[in-house]
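Encoded as structure tokens, the structure appears first; notes follow it.
Every read-out reported here was derived from the displayed coordinates using simple, explicitly stated rules and does not represent laboratory data. The shown structure was predicted, so the numbers you read here are calculated from the model rather than taken from an experiment. Note that we place each Cβ from the backbone using ideal geometry, even for glycine, and neighbour counts take in every protein chain shown.
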Amino acid sequence: MLEWEINQILLASWQRLSYKEIDKIIKTTCQTLRKHPKGILSIAFVSERTMCFLNETYYGRKGVTDVLSFSFKTNELFGEIILCFPELKRQAKVHKHSAHQEIVILLIHGLLHLFDFDHQTLLQKHRMEKKEQEIFNNLSIVF
């Protein structure tokens with residue numbers, strides 16, 4: 001069974017997702033993919049500075065990004081999703097939806113990376129976007 005933990009300390013209380021919402025996102029993603037992972041999933045919100053450091057250190061890319069996923073898939077640790085709140089707030093504004101909705105979108109995106117989805121090619125990108133939309137639809141969240 002997949003357990004999870006989250007660090008939302010950088011977010012104001014009104015910006016945080018409830019534990020019920022996070023659990024629903026994770027369970028719906030796993031159910032949609034028909035996957036039953038075991039271990040712990042760690043989710044954390046970080047500053048731009050931290051995200052830039054992680055992005056360059058682990059992916060060799062300079063600059064900030066919205067989400068990074070690290071897959072471990074050991075007996076104890078399934079993976080980690082790192083979200084950059086300042087960056088996702090900017091993206092939400094560009095896409096004309098709330099930061100809350102952007103967090104949901106990026107959590108789904110990060111989870112799909114942990115389940116080996118990618119978007120390096122057009123075919124992979126199409127497959128991943130289609131699955132993101134299916135999961136989002138299955139969530140039935142009203143914003």
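Quick look at the values:
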{"quantity": "Footprinting exposure proxy for W14, W4 (fewest neighbouring C-beta atoms within 10 Å first)", "calculated": "W14, W4"}
{"quantity": "HN-Hα J in Hz across region 56-66 - Karplus 6.51, -1.76, 1.60, θ = phi - 60°, x for Gly and Pro", "calculated": "6, 5, 9, 10, x, 10, 7, x, 7, 9, 7"}
{"quantity": "Sorted by Cβ density within 10 Å, fewest first, the residues H36, H109", "calculated": "H36, H109"}
{"quantity": "Highest average packing first - 115-128, 20-33, Cβ atoms within 10 Å", "calculated": "20-33, 115-128"}
{"quantity": "In sequence order, calculated HN-Hα J values of region 105-118 (Karplus, 6.51, -1.76, 1.60; Hz; x Gly/Pro)", "calculated": "4, 6, 5, 4, 4, x, 4, 4, 4, 5, 9, 6, 7, 8"}
{"quantity": "Percentage relative contact order, region 2-139, counting C-alpha pairs under 8 Å, at least six apart", "calculated": "24"}
{"quantity": "Vicinal HN-Hα couplings computed from phi for region 14-28 (Karplus, 6.51 cos²θ - 1.76 cosθ + 1.60; Hz; Gly/Pro x)", "calculated": "6, 8, 6, 7, 6, 4, 5, 5, 4, 4, 5, 4, 5, 5, 5"}
{"quantity": "In region 1-122, lysine pairs with alpha-carbon atoms under 18 angstrom apart (chain gap of 8 or more, or interchain)", "calculated": "7"}
{"quantity": "Estimated 222 nm signal from helices in the chain, with DSSP H stretches of n ≥ 4 weighted -39500 (n - 2.57), rounded to 500", "calculated": "-16500 deg cm²/dmol"}
{"quantity": "Ranked E5, E132, E48, E102, criterion: other C-beta atoms within 10 Å, fewest first", "calculated": "E5, E48, E132, E102"}
{"quantity": "Gained length - Q91 relative to E21, 0.36 nm times residue gap less alpha-carbon distance", "calculated": "23.1 nm"}
{"quantity": "Efficiency of FRET between K73 and E3 - r from beta-carbon atoms, R0 22 angstrom, step 0.05", "calculated": "0.95"}
{"quantity": "More than 23 Å apart - percent of Cα-Cα pairs taken over region 3-122", "calculated": "28"}
{"quantity": "Estimated distance in nm for a label pair at T121 and L33, the labels positioned 7 Å out from Cα along Cα-to-Cβ", "calculated": "2.0"}
{"quantity": "Charge context of H97, other residues only, Cβ under 13 angstrom, K/R +1, D/E -1", "calculated": "+3"}
